[in-house]
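Right, one structure below, let's go through it.
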Amino acid sequence: MPNTPLRRRCFLKALGGTVFGKTVLGGAVLGSAVVVPPLARAASVSDTLENTSGLPLARSLQLENLHTGESVATAFWTPQGYQPDALQAINKVLRDHRADQATEMDIGLLETLVELTRRLDTQAPVQVISAYRSPQTNEMLRRKGHKVAKRSYHLKGQAVDIRIPGVELKDLHRAALSLKRGGVGFYGRSNFVHLDVGPVRRWG
Ligand SMILES: [Zn+2]
């Protein structure tokens, strides 16, 4: 059994992500129902990113955590592949600051953010209100009466609540919906948009 995940990864690598990505992994609907290794999810989105420009892109993000004031600007993917140090720096900024716990954020979510900022043609940092939430923090927020889902994608490192300076929230919302890559929630009063890599759906 210990060898199974490794073999599956090699298999996915061999496929190059294209066909598999389009037919099986492209549908975010399947993302939550099927156990898909992060690499595979990343491959499907990567293909989209490469195909739109015809060139491999450096996938960079500028993130600012509004609770901690910490920020990061880094390329988590270059033509040499995924950059573990960059991913670690991103995971740290996106950690649950209340519990001081980080998780491995879903690479598909990070790539959605790259695509979103490209589509909005902005160089401004993505301001993060909430990303990873530990089970303790989620439960605490629920008890305090915050509207957080019991099985929130935030718990899996698969959701972010964001705004972008200089971008109207309604424009951010429209761009996020146009990606058709997962859940999109509009929180006008709190001034943020929720994005996740779960099934395609919308609310708010
Ligand atoms: Zn959220």
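The values are calculated or read from the model by the stated rules, or taken from the named source; none is laboratory data. Being a predicted model, the structure only gives us computed values, none of them experimental. Don't worry about glycine lacking a Cβ; one is built from the backbone with ideal geometry, like all the others, and counts go over all protein chains shown.
Identify, from the list T78, T74, T68, the residue that is at pLDDT 95 or above and touching a strand residue (DSSP E or B) at 6+ places or on another chain (Cβ under 9 Å).
None of the others qualify; the one that does is T74.
Say whether the condition of being of a type in the set (K, R) and within 23 Å of Q101 (Cβ to Cβ) is met by at least one residue in segment 179-202. I'd like the intermediate steps shown before the answer.
Step one: filter segment 179-202 for residues of a type in the set (K, R), giving 180-181, 189, 201-202.
From what is left, the residues that are within 23 Å of Q101 (Cβ to Cβ) are none.
No - not one qualifying residue is present in segment 179-202.
What do you reckon, is L195 within 14 Å of the ligand (Cβ to nearest atom), buried (at least 20 other Cβ atoms within 10 Å of the Cβ), aliphatic (A, V, I, L, M) and in a helix (DSSP H, G or I)?
On the way: within 14 Å of the ligand (Cβ to nearest atom): yes; buried (at least 20 other Cβ atoms within 10 Å of the Cβ): yes; aliphatic (A, V, I, L, M): yes; in a helix (DSSP H, G or I): no.
When the stated conditions are applied, L195 does not pass them.
Yes or no, residue by residue, for (1) within 11 Å of the ligand (Cβ to nearest atom); (2) at pLDDT below 95; (3) in a loop (DSSP other than H, G, I, E, B); (4) surrounded by 14 or more Cβ atoms within 10 Å (Cβ to Cβ):
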| residue | (1), (2), (3), (4) |
| --- | --- |
| I129 | yes, no, no, yes |
| R151 | no, yes, yes, no |
| H154 | yes, no, no, yes |
| G166 | no, no, yes, no |
| H173 | no, no, no, yes |
| S178 | no, no, no, no |
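Restricting attention to segment 115-124, which residues are surrounded by 18 or more Cβ atoms within 10 Å (Cβ to Cβ) and under 21 Å from G69 (Cα atoms)?
Once the filter is applied, which keeps residues that are surrounded by 18 or more Cβ atoms within 10 Å (Cβ to Cβ) and under 21 Å from G69 (Cα atoms), segment 115-124 yields T117, T122.
Conditions tested, residue by residue: (1) among the hydroxyl-bearing types (S, T, Y); (2) in contact with a helix residue (DSSP H, G or I) (Cβ under 8 Å, 6 or more places away or on another chain); (3) at pLDDT 95 or above.
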site: S44; (1), (2), (3): yes, yes, no
site: D96; (1), (2), (3): no, yes, yes
site: A102; (1), (2), (3): no, yes, yes
site: M105; (1), (2), (3): no, yes, yes
site: N138; (1), (2), (3): no, yes, no
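Quick check on my filter: what residues within segment 131-149 are free of Cβ contacts under 8 Å to residues at least 24 places away in the same chain and either assigned to a loop (DSSP other than H, G, I, E, B) or within 19 Å of G198 (Cβ to Cβ) (or both)? First the steps, then the outcome.
The initial filter retains those residues of segment 131-149 that are free of Cβ contacts under 8 Å to residues at least 24 places away in the same chain, namely 135, 138-139, 141-149.
P135, N138, L141, R142, K144, G145, H146, K147, V148, A149, listed by residue number.
Look at P125 and say whether it is touching an Asp or Glu at 6+ places or on another chain (Cβ under 6 Å) and more than 16 Å from the ligand (Cβ to nearest atom).
Taking the combined requirement at face value, the residue satisfies it.
For R119, are the conditions met, namely being among the charged types (D, E, K, R), over 11 Å from the mean Cα position of the chain (by Cα) and either within 14 Å of the ligand (Cβ to nearest atom) or under 24 Å from A175 (Cα atoms) (or both)? Explain how you work it out, then say what you get.
Details: among the charged types (D, E, K, R): yes; over 11 Å from the mean Cα position of the chain (by Cα): yes; either within 14 Å of the ligand (Cβ to nearest atom) or under 24 Å from A175 (Cα atoms) (or both): yes.
Here the answer is yes, as R119 does meet what is asked.
So in segment 180-192, with the set limited to residues that are more than 12 Å from the chain's Cα centre (by Cα) and in a loop (DSSP other than H, G, I, E, B), which one is surrounded by the most Cβ atoms within 10 Å (Cβ to Cβ)?
Applying the filter and picking the extreme gives S190.
What pairs come out if I take residues in segment 181-197 that are closer than 15 Å to V148 by Cβ and pair them with residues that are more than 10 Å from the ligand (Cβ to nearest atom) and of a type in the set (D, E, K, R) whose C-beta lies under 8 Å away, six or more apart or interchain?
These pairs meet every condition: G183/R201; G183/R202; G185/R202; F192/R163.
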